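What follows draws every value from the coordinates through simple rules; no lab data is involved. This is a predicted model, so every value here is computed, not measured. Using ideal geometry, Cβ is built from the backbone for each residue, glycine included, and neighbour counts are taken over all protein chains shown.
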Amino acid sequence: MLAALDRALLTELQTDNQQTHAQLGAKVGLSASSVRRRLTALRARGVLEAEVAILAPETVGVQAIVLVTFGEESVEGDDAFRERMRAAPEVQQCYSVAGDVDYVRVVHAPDLASYESWGKRGLTADPTIRRYDTHLVWSRVKFSTALPLDRSAG
């Protein structure tokens, strides 16, 4: 459970994590030292999982949404697939989902030829995969890494 001040602080931090402790404190009503202590505690608890730079994907290649459907499902095949997805630098995100498909992935490659080559090696060559559908991203309509936090809760 997060305190209301922690929620307010995290909301501000998700918008711009380059703000100083003093700037964050001014926005949420805390001193810079209180902000520093709270952020340290949130990191230690694992609430703040990572603080990273986010690149515009269209500036460094192509992005695709890939839907994967298994033919014959097994625990071993699923575990092996998950490990390959975790190890593949091209895979930015991978979700196990309910419904007609088994996995949804966000994939990035330098160009279409590289994506095709990776798809043949990593997907077509996998006998457990019955089908995969690639949807090229023309443009991002909305992208956010921020989780909505109710500032009054807690």
Q: Using the number of other C-beta atoms within 10 angstrom as an exposure proxy, rank Phe143, Phe81 with the fewest first.
A: Phe143, Phe81
(Q) Treating only the Cβ of Lys, Arg, Asp and Glu as charged (+1, +1, -1, -1), what charge dipole size does region 57-136 show about its Cα centre? Round to the nearest 20 debye. (A) 160
Q: Between His135 and Ser96, take the C-beta separation as r, use R0 = 22 Å, and let me know the FRET efficiency to the nearest 0.05.
A: 0.75
Q: About the Cα centre of region 4-45, how large is the charge dipole given +1 on each Lys and Arg Cβ and -1 on each Asp and Glu Cβ? Please answer in debye to the nearest 20.
A: 200
Q. Where does helix 4-15 land angle-wise versus the long Cα axis of the chain, in degrees 0 to 90, nearest 10?
A. 50
Q. In nm, to one decimal, how far is the Asp79 label point from the Asp150 one, both placed 7 Å along Cα→Cβ?
A. 3.9
Q: Please work out how much length the chain gains when fully extended from Ala56 to Ala32, using 0.36 nm per residue of separation minus the C-alpha to C-alpha distance, in nm with one decimal.
A: 5.5 nm
(Q) Using the crude model of +1 on Lys and Arg Cβ and -1 on Asp and Glu Cβ, and no other charge, please compute the dipole size for the chain relative to its Cα centre, in debye to 20. (A) 820
